[in-house]
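As structure tokens, the structure follows; a few thoughts come after it.
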Amino acid sequence: MPIGYAIDPVRQLVLVRAWGALTDDEVAAQGAALAKDQRYGEVWRVLADLLQVTEMHVTAPFVHRYSSPMLETKRAIVARSGVGFGMARMYASVNSTEQSSVAVVKTIADGLDWLDLPPTTPLPELLDATFPTGSVPGKA
């Protein structure tokens, strides 16, 4: 599956990374897995790294159906321009509330800054070994 997550309990940070072709079903499965993970706190910060996504097959109806503002949380979605960036902006627009805010940015450093973390914050490693080697998204 071209999406995975890692949890940094010390910083109360969830790193979600996606790569390759991304679909509605894969996003839903990742969300369900995270919701069941007992290490995850609902008010934690989330950094979603979409920089390695090559094809975006996440649909607008899915974004609206799947959206649910989280309680008192900040989320940053890192995406390049194009369809992925546009879908991330749509997600942000339907998920930002007074308690929950979502920013769409173009670099990991900007995402960390939005989450009130230094740009040199070490990111947790995904346990899924299928993340493309040779690319270090935290260095963008």
Practice item. Confirm whether Gly41 is outside any helix (DSSP H, G or I), among the small types (Gly, Ala, Ser), surrounded by fewer than 17 Cβ atoms within 10 Å (Cβ to Cβ) and on the phi < 0 side of the Ramachandran plot. Key: yes
Review point. Which number in (1) buried (at least 18 other Cβ atoms within 10 Å of the Cβ); (2) within 17 Å of Gly111 (Cβ to Cβ); (3) at pLDDT below 90 marks the one condition that Ile77 misses?
Key: (3)
Exercise for review: Would you mind telling me which numbered condition in (1) surrounded by 16 or more Cβ atoms within 10 Å (Cβ to Cβ); (2) in a helix (DSSP H, G or I); (3) modelled with pLDDT under 85 Phe131 fails?
Suggested key: (2)
Revision key, fill the gap. Checked pairs for the stretch 21-38, first surrounded by 14 or more Cβ atoms within 10 Å (Cβ to Cβ), second among the charged types (D, E, K, R), C-beta under 8 Å and 6 or more apart or across chains, list as Leu22/Glu55
Review point. Which pairs have Cβ atoms under 8 Å, sit 6 or more apart or on different chains, and link a residue in the stretch 72-94 that is over 11 Å from Val53 (Cβ atoms) to one that is basic (Lys, Arg) and surrounded by fewer than 20 Cβ atoms within 10 Å (Cβ to Cβ)?
Key: Ser81/Lys106
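The values are calculated or read from the model by the stated rules, or taken from the named source; none is laboratory data. Since the structure is predicted, the reported quantities are computational estimates derived from the model, not experimental observations. When we count neighbours, we look across all protein chains shown, and the Cβ atoms used for this are built from the backbone with ideal geometry, even at glycine.
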